[in-house]
Amino acid sequence: MGSSILSIIYLVGSVTFILGLKMLSKPDTARKGNLVAAAGMTLAILGTIFLYKVDDVPLHNYGWIFTGLFIGGIIGVLSAKKVKMTAMPEMVSMFNGMGGACAALISIVEFNHLVASGATTGGMVAIILLSLVIGAVSCAGSIIAWGKLAGKIKDFSFNGQHILNLGVLAVIIGLFVWLVLGVGATASSLVVFYTILALALFYGILFVLPIGGADMPVVISLLNSFTGVAAACGGFLYNNPVMLTGGILVGSAGTILTILMCKAMNRSLKNVLIGSFGGSAAAAAAVGGKEQGNYKEISLNDAAVVMAYANKVIIVPGYGLAVAQAQHACHELEKQLEERGVEVKYAIHPVAGRMPGHMNVLLAEADVPYEKLLEMEDANTGFPTTDVVLVLGANDVVNPAAKNDPASPIYGMPILEIEQAKVVIVNKRSMKPGYAGIENDLFFQPKTSMLFGDAKKVLQELLAAIKEV
């Protein structure tokens, strides 16, 4: 009876995961989708605790289980409440790393169980090792990604790193095959097992270290898919349908998103896997060091007049908007312009910010209507008929060097072609380069004017000035 109820619970949990993921695809239903999936996970956890049996023996160590749930729940709630939107990518990376660590720990426990029981099959060992390798790579890589996003770890690369990466990966695969087809799970194979673990952790560090900051959204998405695959392996190990379904959904969604991010960055997924993603420091220095000419500034009052009497305005949000927590002020500016009859839209680059969908989340938090958000292709077709483009803290995603400078590390990356608009106003704190570390030719073009200052403060002052026009 208990097993039948548990199967129903797992079915319900799997359905909620699918529905929740579907609802996450739209900003107006994303919050509800998150709650639906969370409710299904809660139901699956409780069902497992009270109804799951091992050899017809129910779980009995409830003290340890609920202590872990309580401590983890408290940490999760406090972290979610305290985190700023600017630090959300770091939190995503860290939590993703914890998921990979869990998968690796499960593999360690289960491999030792196989060694102790003496009953092993090549298929079971293969699943355990797959979960171990993918989980360890995801864990180590996510922690490095967290450090880089938080500014605690700098990009690092050296000559021959690609060869070393491929060599480490080849050794991992070789030991993997040898353990599955030859030795199996025995006491003598524990050394090989832990060697694979160490090499997987090492590879996770190596393949994320050289990746440039502007390319981190792709890496976060890829590591997220790794964790999903590792979790799916855990579902195989325990014959747990809901764990398997959840892992497959996360893995497949992360993989699809990774491919879309690579397309948006015009990068090769193969280069991500061997750790050569992003431009070199030398190339960035070469681009950043060339003569750019002079830029011009615009006053708040002049900017207010230009925007107030425009027919069409497109706002391009970037990381500067997130840092200043200016999304609400931006929405107020949008509403004020629309009251004056100005058409206002937002142009969203797929990799703006520090993680996929970063800008969408920020604007949704400020209740900006979803239909106002233009994807890159739609925005680019609309720029030629746009009177004013207001750039708020975006840099690399609007840099024309991606189209016309083969020496640039971002060359070939599709960008928002805002230089086609009649007037471009760029809000930045200073003329420092963006996350990719290169200068932006756009800032020195005749139609571009710089509006320096904190995005939130500038938008509030701009809003007040427009009301007086």
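When the Cα positions of A44, I211, A347 are compared along the charge dipole of the chain, A44 comes out farthest toward the positive end, with charges on each C-beta of Lys, Arg, Asp and Glu. You can think of it this way: the chain between E297 and K22 has 94.5 nm of extra reach, that is 0.36 nm per residue less the Cα-Cα gap.
Each label was represented as a point 7 Å from its Cα along the Cα-to-Cβ direction; for D55 and T195 these points are 3.2 nm apart.
The residue among L260, L442, T245 whose Cα reaches farthest toward the positive pole of the charge dipole of the chain, with charges on the beta-carbon of Lys, Arg, Asp and Glu, is T245.
Taking every eigenvalue of the Cα gyration tensor of the chain, multiplying by 5 and rooting it, what semi-axes result, largest first, whole Å?
Values: eigenvalues 432, 150, 51 Å².
Over the Cα atoms of the chain, the ellipsoid semi-axes are 46, 27, 16 Å.
In whole percent, what relative contact order does region 295-468 give with Cα contacts below 8 Å and a gap of six or more residues? Display every interim value, and only then the final one.
On the way: 338 pairs, mean separation 55.2, N = 174.
Once normalised by length, the contact order is 32 percent.
Phi angles across region 453-467 convert, under the Karplus curve 6.51 cos²θ - 1.76 cosθ + 1.60 with θ = phi - 60°, into 3J(HN,Hα) values of x, 5, 4, 5, 5, 5, 5, 5, 5, 5, 4, 5, 5, 5, 5 Hz, Gly and Pro given as x.
Helix 88-117 versus the longest principal axis of the chain: what is the Cα-based angle in degrees, 0 to 90, to the nearest 10? Result, in degrees: 10. Per-residue Karplus couplings for region 195-207, computed as 6.51 cos²θ - 1.76 cosθ + 1.60 with θ equal to phi - 60°, are listed in order as 5, 4, 4, 4, 5, 5, 4, 4, 5, x, 5, 4, 7 Hz, Gly and Pro entered as x. Over the chain, Cα pairs under 8 Å with separation of 6+ residues give a relative contact order of 14 percent.
Each of T255, T195, T16 has some number of other Cβ atoms within 10 Å of its Cβ, and from fewest to most they run T195, T255, T16. Mind giving me the FRET efficiency for E338 and E365? R0 is 22 Å, r the Cβ-Cβ distance, nearest 0.05 is fine. Computed FRET efficiency for E338 and E365: 0.65. For L374, the residues 5 or more places off, or on other chains, whose built amide H falls under 5 Å of its own are Y346, A347, I348. With the simple model of a label 7 Å out from the Cα in the direction of the Cβ, K152 to I45 spans 2.4 nm. Seen against the Cα atoms of the chain and their longest principal axis, helix 122-149 is set at about 30 degrees. Karplus-derived 3J(HN,Hα) values for region 64-78, using 6.51 cos²θ - 1.76 cosθ + 1.60 with θ = phi - 60°, are 5, 4, 6, 5, x, 4, 5, 5, x, x, 5, 4, x, 5, 5 Hz; glycine and proline are entered as x.
Normalised by the number of residues in region 81-177, what is the relative contact order in percent for Cα pairs under 8 Å and 6+ residues apart? Could you put the intermediate results ahead of the total?
On the way: 66 pairs, mean separation 36.5, N = 97.
For region 81-177, the relative contact order is 38 percent.
Rounded to the nearest 20 debye, what is the charge dipole size of the chain about its Cα centre when +1 sits on each Lys and Arg Cβ and -1 on each Asp and Glu Cβ? Before the final figure, lay out each step's value.
Values: 31 positive and 31 negative charges, 103 e Å.
My answer is approximately 500 debye.
When the charge dipole of the chain is built from unit charges on Cβ atoms (+1 for Lys and Arg, -1 for Asp and Glu) and taken about the Cα centre, the candidate among S408, I128, V458 whose Cα reaches farthest toward its positive end is I128.
What is the local net charge at T448, summed over the other residues whose Cβ is closer than 9 Å to its Cβ (Lys, Arg +1; Asp, Glu -1)? Provide the component values of the computation, followed by the final result.
Values: positive: K296, K447; negative: E419.
Result for the neighbourhood of T448: +1.
Exposure proxy shown here: for E377, E332, the number of other Cβ atoms within 10 Å sets the order, fewest to most, as E377, E332. Seen against the Cα atoms of the chain and their longest principal axis, helix 241-265 is set at about 30 degrees.
Taken together, the values in this text are just the output of simple stated rules run on the coordinates, not laboratory data. Remember, predicted model here, so these are calculated numbers, not experimental data. When we count neighbours, we look across all protein chains shown, and the Cβ atoms used for this are built from the backbone with ideal geometry, even at glycine.
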